[in-house]
Amino acid sequence: MSAEDDFGLWERELRQTPEPGEGGTGGGGMITAAAVVTSGCMLLITLGQAPLGTAGLILCSLILVLWRFGF
């Protein structure tokens, strides 16, 4: 993969709508899932379960990073 290929990939990622024939949902589902899980973890921390809420936030962050990088 050359630098020109990388640039084209970045341009496609920044577009809101995928081109015909390209897969992808735009990432809206991933952002919604992250917001719901983060809210749940924050609620756990507020209710006094700080270790469980913190572990959930860390696990959620790792999953999102690995998901974003394609692992």
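Based on this model, can you work out whether Leu66 counts as modelled with pLDDT of 80 or more and open to solvent by less than 100 Å² (accessible area, probe 1.4 Å)? Yes: the conditions hold for Leu66.
The number of residues in segment 1-35 being modelled with pLDDT of 60 or more, open to solvent by 100 Å² or more (accessible area, probe 1.4 Å) and closer than 24 Å to Cys60 by Cβ comes to 1. Close Cβ contacts (under 6 Å, 6 or more residues apart or on different chains) running from residues in segment 42-70 that are closer than 30 Å to Trp10 by Cβ to residues that are in a helix (DSSP H, G or I) comprise Leu57/Cys41; Cys60/Val37; Leu64/Ala34.
The values are calculated or read from the model by the stated rules, or taken from the named source; none is laboratory data. Only a predicted model underlies this, so the values are computations on that prediction, with no experimental measurement involved. Glycine gets a Cβ as well: all are built from the backbone with ideal geometry, and neighbour counts include every protein chain shown. Heads up: the accessible areas ignore ligands, DNA and RNA and are worked out on the full protein's heavy atoms, side chains in. Shrake-Rupley method; radii C 1.70, N 1.55, O 1.52, S 1.80 Å.
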